[in-house]
1. Within the range 179-230, count every residue that is among the polar types (S, T, N, Q) and under 30 Å from Ala109 (Cα atoms).
2. Could you say which residue among Ala81, Ala85, Ala109, Ala90 is surrounded by fewer than 13 Cβ atoms within 10 Å (Cβ to Cβ) and either within 21 Å of Glu195 (Cβ to Cβ) or in contact (Cβ under 8 Å) with a residue 12 or more places away in the chain (or both)?
3. Which residues, counting only those in the range 213-242, are of a type outside the set (Lys, Arg), at pLDDT 90 or above and open to solvent by 100 Å² or more (accessible area, probe 1.4 Å)?
4. Residues in the range 37-62 that are surrounded by fewer than 20 Cβ atoms within 10 Å (Cβ to Cβ), within 14 Å of Val141 (Cα to Cα) and not hydrophobic (A, V, I, L, M, F, W, C): how many?
5. How about the range 82-132: which of its residues are under 28 Å from Glu26 (Cα atoms), touching a Lys or Arg at 6+ places or on another chain (Cβ under 6 Å) and assigned to a loop (DSSP other than H, G, I, E, B)?
6. Going through the range 133-144 one residue at a time, which ones are more than 26 Å from Leu23 (Cβ to Cβ), assigned to a strand (DSSP E or B) and not polar (S, T, N, Q)?
7. Taking the condition assigned to a helix (DSSP H, G or I), at pLDDT 85 or above and either in contact with a strand residue (DSSP E or B) (Cβ under 8 Å, 6 or more places away or on another chain) or not β-branched (Val, Ile, Thr) (or both), does Val200 pass?
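The values are calculated or read from the model by the stated rules, or taken from the named source; none is laboratory data. No experiment lies behind these values; they were computed from the predicted model shown. Quick reminder, even Gly has a Cβ in these numbers, built from the backbone with ideal geometry, and neighbours come from all protein chains shown. The area values use the complete protein model at the heavy-atom level, side chains included, leaving out ligands, DNA and RNA. Shrake-Rupley method; radii C 1.70, N 1.55, O 1.52, S 1.80 Å.
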Amino acid sequence: YRETLDEVIADLAAVLGDDEHPLLAERDLSKPHNRLIVIMTSDRGLAGALNTNTVRFVAREITEHPGELKVATVGRKGRDAMRRARVPIAAHFEGFGDRPSFADVLPLARLVTDDYVAGTYDHIDVVYSRFVSTLVQKPVVEQLLPVKAAEDTEGIPGQQFLFEPNPADFLRALLPRYVATRLFQAVLESKASEESSRMVAMKNATENAQELIEDLTLSYNKVRQANITREMVEIASGAQAR
């Protein structure tokens, strides 16, 4: 649903200008500009290298693109890491639980859209862990605002789009929901990655603990057998001495 919505919005952005809606407005990024990164991490640990990989990815993104920057964090792990790195935190949201809903994301979506329209930020990205497979979760960065137009405009009907009642009202209803949908998708991907990474981490921990138990049991039995043998030798030596 989100990918198809991306295609529709990209087609619309290619033929509509920022006069139609401020979320389509492209800012001049060649000049000094303000950037916001929304970081999705978990509230809890014991999820392997998931949060560490995301934080390292964000750190690399900040280093490679210096400038005025703030972050909005979702999840305590990301917030704590940004605090330690002394990166300015514009807002923080606790994790959305084990079953996040679309309504949970609306306050975050409203925050980023309002700040972009107000000119607080010129560019807003979201960083999250994309679920690839049970064993692979990949941190990615995606442009959230401004809404990105389609790179390939061939076949886009342009002025043949029909809007009811008009493009401005249509985009006023659609674009904020589009931003919320993008964020909700990121939350779901992050949650799936967290659960999968935690499952693999716990499986590895269980197997390592089992191996450790087997090694310690073997060592214990060897020591116990040696003690028994020594005691038998002492008893036999004592009997012979009599």
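1. 6
2. None of the other options fit; the residue is Ala85.
3. Selection gives Glu214, Leu216, Tyr220, Gln225.
4. 4
5. Of everything in the range 82-132, those that are under 28 Å from Glu26 (Cα atoms), touching a Lys or Arg at 6+ places or on another chain (Cβ under 6 Å) and assigned to a loop (DSSP other than H, G, I, E, B) turn out to be Pro88, Asp122.
6. Lys138
7. The answer is no for Val200.
Residues are listed down the side, and each one gets a yes or a no for (1) at pLDDT below 80; (2) of a type outside the set (Lys, Arg):
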site: Asp11; (1), (2): yes, yes
site: Ala14; (1), (2): yes, yes
site: Pro32; (1), (2): yes, yes
site: Arg44; (1), (2): no, no
site: Gly48; (1), (2): no, yes
site: Asn51; (1), (2): no, yes
site: Phe57; (1), (2): no, yes
site: Thr63; (1), (2): no, yes
